[in-house]
Amino acid sequence: MAEREEVLKEICSKQRRIRMRLSDQEKKMLDGKEGFGCQKAMEILVGLGEIYGCETMIPVKSAHISGSSYKGSGSAGSRFVTSLAEGGGRFKVPSTLNPLSLDLDNWKELGFSEKDCKNQLATVEAYGKMGCSSACTCTPYLAGKIPAFGDHIAWSESSALIFANSVLGARTNREGGVSALASGLTGRTPLYGFHTEESRRATVLVENKACLEADSDYSALGYHLGNLLGGDVPFLAGFGRKPTVQALKAFSAGISTCGNVSLFHLEGVTPESGDPKIVSRRIMNGKIVVSNEDLEAVYRKLSGTAQCGIDYVAIGCPHLGIEEMREVAVALEKKGRRIDPRVKFWVFTSREIKARADELGYSRRITEMGGEIICNTCVVSSHMENFGLRYVATNSAKAAHYMPSLLDFQVFFGTLEECTEAAIRGRWSRAK
Ligand code: F3S
């Protein structure tokens, strides 16, 4: 109880005057008539709304909550979530979690420690008590949780919210884990930013002249643009053939890595790109041209040396969809040789996609070649630093960006083809 009071004090003072116009239902939540958990959540959202000068709240249809990994949130985050659950907090809208710090179903076999698991389990239990879905993935939209066009949602996890805003045409701000959690518990978010038409207008034209083939090319392109765009909304032209869903996922993750992009419009592909109120060349302030050299510079920047022995290959940032699981199986089988036994080849996906891959035989085909399929966790939020690994290859620019600083790995960034080749030879070597 004392701890709960501490949390309460930290979040906000009750004395201040509320300037936002709240509905009767929202006032009830704020006054604690729906319990401590809901009250704290509403206080967070009112505080946020007032910072952004909002007048009202709007209902949201779903929440996606990052910061659920114990490795990231630590004991303070875990205590906060537990205090909300014990205080009667219950999700009012379907809510999902981002990847955790270990594979909940298989942690012992994979070599994660008991201590790490205990802490993470306590946090997950609290989320579960509040009614959270068991999907712990950064691609909830591939695991059956698909927002519709125009839906207002509150999603954190930058790669997922960019995909939801841009590819699906849902409307979300770049939420943090706490504000998304608060929206899940109240079913509300303050009305501002990307919930409004004005903020969704394209502000910069991006003309693509680079040749985009592998998904990692889209990842590199996104990474390059994220560095240049800051908080702009780009309109992307010159992509030629329509990118696949997985290419758009890779692009969303890449562009989310550096900078503050939350939405892009892709000519003839994304749902708002043909709307003249949203995309008009008259309201764009500048133009960026992207070339093959820009992409090559990203590959060079994110890879240490051209050749090196490796001990780990990480595929699945963001979590893989079912078509990508098939592609991994095919890429391995094509080589005709098993993965070097000294190399850990981990493929990250959601429980939902793994179940489908099991049915279709993709999981068996990957494991027969020496790979392992990991669920509920991710390349950077898992406790990989405890496995004695040092040299990792990946086809994700986002993973390649974060792994050196967060896990002290030396990273090699390339295509899926290059990563599978490296896994089999135990050695990285760039083809380009
Ligand atoms: Fe997903 Fe983790 Fe990458 S949350 S986008 S796999 S860094």
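Highlighted here are the strands (runs of 3 or more DSSP E) found entirely within segment 186-263 that include at least 2 residues which are closer than 30 Å to residue 59 by Cβ and in contact with a strand residue (DSSP E or B) (Cβ under 6 Å, 6 or more places away or on another chain): 188-190, 234-237.
Taken together, 323, 333, 296, 352 contain a single residue that is away from the ligand (no atom under 16 Å from the Cβ), assigned to a helix (DSSP H, G or I) and within 20 Å of the chain's Cα centre (by Cα), which is 323. Can you run down the residue pairs with Cβ atoms below 9 Å, 6 or more apart or on separate chains, where the first is in segment 130-158 and farther than 26 Å from residue 105 by Cα and among the charged types (D, E, K, R) and the partner is more than 16 Å from the ligand (Cβ to nearest atom) and outside any loop (DSSP other than H, G, I, E, B)? As it stands, the answer is 151/171, since those pairs meet every condition given. Within segment 276-293, restricting attention to residues that are of a type outside the set (A, V, I, L, M, F, W, C), in contact (Cβ under 8 Å) with a residue 40 or more places away in the chain and part of a loop (DSSP other than H, G, I, E, B), the residue that is surrounded by the fewest Cβ atoms within 10 Å (Cβ to Cβ) is 285. Scanning segment 51-75 for residues that are more than 23 Å from residue 402 (Cα to Cα) and either modelled with pLDDT under 95 or surrounded by fewer than 18 Cβ atoms within 10 Å (Cβ to Cβ) (or both) returns 51, 52, 53, 55, 56, 58, 59, 61.
Scanning segment 76-99 for residues that are within 22 Å of the chain's Cα centre (by Cα), among the polar types (S, T, N, Q) and modelled with pLDDT of 95 or more, we see that the one that is nearest to the ligand (Cβ to nearest atom) is 98. When each of 273, 256 is tested for being hydroxyl-bearing (Ser, Thr, Tyr) and crowded, with 21+ Cβ neighbours inside 10 Å, the lone residue that passes is 256.
The rows are residues; the columns are (1) more than 24 Å from residue 75 (Cβ to Cβ); (2) modelled with pLDDT under 95; (3) not polar (S, T, N, Q).
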residue	(1), (2), (3)
102	no, yes, yes
130	no, no, yes
145	yes, yes, yes
149	yes, no, yes
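Applying the set (1) farther than 21 Å from residue 247 by Cβ; (2) away from the ligand (no atom under 13 Å from the Cβ) to residue 381 leaves exactly one unmet item: (2).
The values are calculated or read from the model by the stated rules, or taken from the named source; none is laboratory data. As the structure is a prediction and not an experimental result, all values here were calculated from the model. When we count neighbours, we look across all protein chains shown, and the Cβ atoms used for this are built from the backbone with ideal geometry, even at glycine.
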